[in-house]
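Here the structure is laid out as structure tokens; the discussion comes afterwards.
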Amino acid sequence: MSIYLKTNEEVELLRESNLLVSKTLAELAKVIKPGISTFCLDKIAEEFIRDNGALPAFKGYNGYPASICTSINEQVVHGIPSEDVILKDGDIISIDCGTYKNGFVGDSAYTFCVGNVTEEIKQLLKVTKESLYEGIKYAVEGKRIGDIGNAIQTYCEREGYSVVREMVGHGVGRKMHESPEVPNYGKRGMGKMLKSGMTICIEPMINMGGKDIVIESDGWTARTKDYKCSAHFEHAVVIRKGVADILSDFDIIEKVLENKII
Ligand code: MF3
Ligand code: CO
């Protein structure tokens with residue numbers, strides 16, 4: 001239950017693990033297109049992680065069978081890669097990836113478009129990503145956990161979207177899930193006080209329709225109850241005075257996407 005504050009040396013190791021996640025997601029960004037299976041994406045990710053001297057942190061975690069989570073359209077999180085799941089034009093896919101290197105975990109997620117996606121769904125992705133950065137504005141010393149969640153919730157609900165309640169962000173470090181929990185909803189000024197050296201994953205899961213989710217019969221895949229689309233972005237950050245230090249890096253991913261010819 002205690003929150004582990006990280007030394008600067010530990011933060012640099014965490015940064016390395018999290019940057020490797022971002023680089024892995026950038027590798028996947030190169031190959032995401034209609035026709036590729038999520039199984040294939042998983043194999044590419046696992047090989048890239050191992051080639052970089054790390055282990056896939058998700059594999060075997062509570063029995064999870066793969067190196068990434070691939071959640072398409074109405075799937076919120078924890079979709080299991082499969083040879084039978086083939087990406088098609090107009091899909092969105094959240095890819096969540098974890099690494100373990102030098103004793104520290106990297107954990108970050110990004111939602112990608114497959115081919116041509118409607119403007120309505122693109123807006124969901126834009127707002128969800130922006131809400132992550134709204135939350136990060138409050139991930140500073142002296143603010144509280146509830147300030148982060150409140151910022152995310154306010155930003156998304158203003159657009160008519162809803163926030164998933166059952167799944168939350170978390171502390172990250174030597175373990176993937178450390179204290180504290182980091183909900184994407186909440187009240188300003190409530191919850192644990194943030195201190196410099198805390199390292200947390202903030203990961204808004206935002207639905208276009210209602211907030212309710214159900215777990216599929218595979219025991220992992222969370223999907224929206226109303227089958228409307230859901231988006232998910234996740235950064236690992238270090239709490240600092242004034243401004244958070246973001247350990248994962250979407251720029252690496254977005255450089256690939258900008259230069260991509262579909
Ligand atoms: N980012 C996810 C989380 O924080 C990753 C867990 S997936 C699992 O819960 F497969 F490893 F459980
Ligand atoms: Co996470």
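The values are calculated or read from the model by the stated rules, or taken from the named source; none is laboratory data. Note that this is a predicted model, so its numbers are computed, not measured. All Cβ positions, even for glycine, are placed from backbone atoms using ideal geometry, and neighbour counts span all protein chains on display. The area values use the complete protein model at the heavy-atom level, side chains included, leaving out ligands, DNA and RNA. Shrake-Rupley method; radii C 1.70, N 1.55, O 1.52, S 1.80 Å.
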Review point. Of the residues in segment 58-67, how many are within 14 Å of ligand 2 (Cβ to nearest atom), under 19 Å from Phe39 (Cβ atoms) and open to solvent by 20 Å² or more (accessible area, probe 1.4 Å)?
Key: 1
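Out of Asn18, Asn52, I need the residue that is in contact (Cβ under 8 Å) with a residue 24 or more places away in the chain and buried (at least 16 other Cβ atoms within 10 Å of the Cβ). Which one?
On the way: Asn52 fails: buried (at least 16 other Cβ atoms within 10 Å of the Cβ).
Matching residue, one of Asn18, Asn52: Asn18.
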Practice item. Determine if segment 113-135 includes at least one residue that is in contact (Cβ under 8 Å) with a residue 24 or more places away in the chain, within 16 Å of ligand 2 (Cβ to nearest atom) and over 30 Å from Lys30 (Cα atoms). Key: no
Check your understanding: What residue, among those in segment 79-99 that are within 16 Å of ligand 2 (Cβ to nearest atom) and assigned to a strand (DSSP E or B), is farthest from Ile32 (Cα to Cα)?
Key -> Thr99
Review point. Which of the residues spanning segment 103-127 are polar (S, T, N, Q) and part of a strand (DSSP E or B)?
Key: Ser108, Thr111
Practice item. Tell me, yes or no, whether segment 207-229 has at least one residue that is closer than 24 Å to Ile72 by Cβ, within 16 Å of ligand 2 (Cβ to nearest atom) and buried (at least 24 other Cβ atoms within 10 Å of the Cβ). Key: no
**Study point:** segment 157-206: number of residues that are under 17 Å from the mean Cα position of the chain (by Cα), of a type in the set (Asp, Glu) and surrounded by 15 or more Cβ atoms within 10 Å (Cβ to Cβ)
**Key:** 3
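Taking the conditions exactly as written (in contact with a helix residue (DSSP H, G or I) (Cβ under 6 Å, 6 or more places away or on another chain) and within 13 Å of ligand 1 (Cβ to nearest atom)), does Gly135 satisfy them or not?
Details: in contact with a helix residue (DSSP H, G or I) (Cβ under 6 Å, 6 or more places away or on another chain): yes; within 13 Å of ligand 1 (Cβ to nearest atom): no.
The answer is no for Gly135.
What's the total number of residues in segment 106-128 that are over 24 Å from Asp42 (Cβ atoms) and of a type outside the set (Val, Ile, Thr)?
Our first condition is that a residue be over 24 Å from Asp42 (Cβ atoms); within segment 106-128, this holds for 116, 118-120, 122-124, 126-127.
With of a type outside the set (Val, Ile, Thr) added as a condition, the list becomes 116, 119-120, 122-124, 126.
Here the count works out to 7.
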Point to revise | Index of the failed condition, Ile246 passing every other in (1) more than 14 Å from ligand 1 (Cβ to nearest atom); (2) on the phi > 0 side of the Ramachandran plot; (3) open to solvent by 50 Å² or more (accessible area, probe 1.4 Å) | key: (2)
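Looking at segment 82-112 only, could you name the residues that are more than 25 Å from Leu247 (Cβ to Cβ) and open to solvent by 10 Å² or more (accessible area, probe 1.4 Å)?
Filtering segment 82-112 down to residues more than 25 Å from Leu247 (Cβ to Cβ) leaves 82-91.
The answer is Ser82, Glu83, Asp84, Val85, Ile86, Lys88, Asp89, Gly90.
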Check your understanding: Among the numbered criteria (1) away from ligand 2 (no atom under 16 Å from the Cβ); (2) open to solvent by less than 10 Å² (accessible area, probe 1.4 Å); (3) touching a Gly at 6+ places or on another chain (Cβ under 8 Å), which single criterion is violated by Val238?
Key -> (1)
Revision key, fill the gap. For Leu257, the lone unmet condition from (1) outside any strand (DSSP E or B); (2) within 30 Å of Glu10 (Cα to Cα) is (2)
Exercise for review: Search segment 151-201 for residues being in contact (Cβ under 8 Å) with a residue 40 or more places away in the chain and among the polar types (S, T, N, Q), and hand back the single one that is farthest from Leu124 (Cα to Cα).
Suggested key: Ser196
